[in-house]
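The values are calculated or read from the model by the stated rules, or taken from the named source; none is laboratory data. What you are looking at is a predicted structure, and each value in this text was computed from that prediction instead of being measured. Cβ: placed from backbone, ideal geometry, glycine included. Neighbour counts: every protein chain shown. Side chains are part of the model used for accessible areas, which takes the heavy atoms of the whole protein and leaves out ligands, DNA and RNA. Shrake-Rupley method; radii C 1.70, N 1.55, O 1.52, S 1.80 Å.
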Amino acid sequence: MNPFEASARINFWVLKEFLLHGVFCVLLLVTGHWLIFLVTVPLAGYHALLYMKRQHLIDVTEVFRNLKFEKKLRFFKLGFYVVFFVLVVFNLAIATFEAVSGMDDDLHIY
């Protein structure tokens, strides 16, 4: 794969990733999931810092020069998002179990 094609494929998803992560942070803040919100804030801050410095897109001329760092960064983000997904699904399963079993005091059906 040539450098232009590689950077174009990566850059296509960068802003979408930043926006989706920001939306999840806002939703966690609004719904009161403080612990998970606090876990996601550092990565959101890093994304905001990259965007403000205009370093969020991969440069075509440096795509292979920074390959090791970018690869480590992408694997860290992948691991972070997998852990985040597991936490959200686990919380969803607990909330569903509590709602079905009648253990949830906040749920009132009239």
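Which of the residues spanning the stretch 49-63 are among the aliphatic types (A, V, I, L, M) and open to solvent by less than 40 Å² (accessible area, probe 1.4 Å)?
Going through the stretch 49-63, the residues among the aliphatic types (A, V, I, L, M) turn out to be 49-50, 52, 57-58, 60, 63.
Listed by number, the residues that qualify are 50, 58, 63.
Residue pairs, Cβ under 8 Å, 6 or more apart or interchain, first in the stretch 40-57 and over 13 Å from residue 19 (Cβ atoms), second part of a helix (DSSP H, G or I) and of a type in the set (D, E, K, R). List them.
Partner pairs satisfying both residue conditions: 43/77.
Mind checking which pairs have a first residue in the stretch 1-22 that is at negative phi and a second that is at pLDDT 85 or above and not hydroxyl-bearing (Ser, Thr, Tyr), Cβ under 6 Å, 6 or more apart or different chains?
Partner pairs satisfying both residue conditions: 18/47; 21/44.
So, residue 77, is that one within 12 Å of the chain's Cα centre (by Cα), under 27 Å from residue 4 (Cα atoms) and of a type in the set (D, E, K, R) or not?
Criteria met by residue 77.
For the stretch 64-106, what are the residues that are over 23 Å from residue 37 (Cβ atoms), open to solvent by less than 70 Å² (accessible area, probe 1.4 Å) and either hydrophobic (A, V, I, L, M, F, W, C) or in a helix (DSSP H, G or I) (or both)?
70, 101, listed by residue number.
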